[in-house]
Amino acid sequence: MRGRLLAHWTDERHPHRNRFLKQQELVEEILSSEGPVQELDRRLRARGTSLRCAAREIPPVFGSFFK
């Protein structure tokens, strides 16, 4: 599923592709995080953001070309 999402968000037809590419590292870190949510939020806050702020950087999934 992770691979499908990344392919979807980097597809040239995705309206938020450029925005995603700027935040791709952050989004991938969030998606691959396996520890407690509180730990992820603590790490993000140490970098000047938060899980709540970072979650806004995850683009929507549009069904018409999600493969």
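Entry remark, segment 23-67: residues being open to solvent by 70 Å² or more (accessible area, probe 1.4 Å), in a helix (DSSP H, G or I) and in contact (Cβ under 8 Å) with a residue 24 or more places away in the chain number 0 in total. Scanning segment 8-22 for residues that are out of contact with any Pro (no Cβ under 8 Å at 6 or more places or on another chain), open to solvent by less than 60 Å² (accessible area, probe 1.4 Å) and assigned to a helix (DSSP H, G or I) gives His8, Thr10.
Of the residues making up segment 52-60, at least one is in contact with a helix residue (DSSP H, G or I) (Cβ under 9 Å, 6 or more places away or on another chain) and of a type in the set (Lys, Arg). Count of segment 1-59 residues, restricted to those that are under 12 Å from the mean Cα position of the chain (by Cα) and among the polar types (S, T, N, Q), is 5.
The values are calculated or read from the model by the stated rules, or taken from the named source; none is laboratory data. Here the structure is a predicted model, which is why all the values come from computation and not from measurement. Counting neighbours? That spans all protein chains shown, and the Cβs are built from the backbone with ideal geometry, glycine included. With ligands, DNA and RNA removed, areas are computed over all heavy atoms of the protein, side chains included. Shrake-Rupley method; radii C 1.70, N 1.55, O 1.52, S 1.80 Å.
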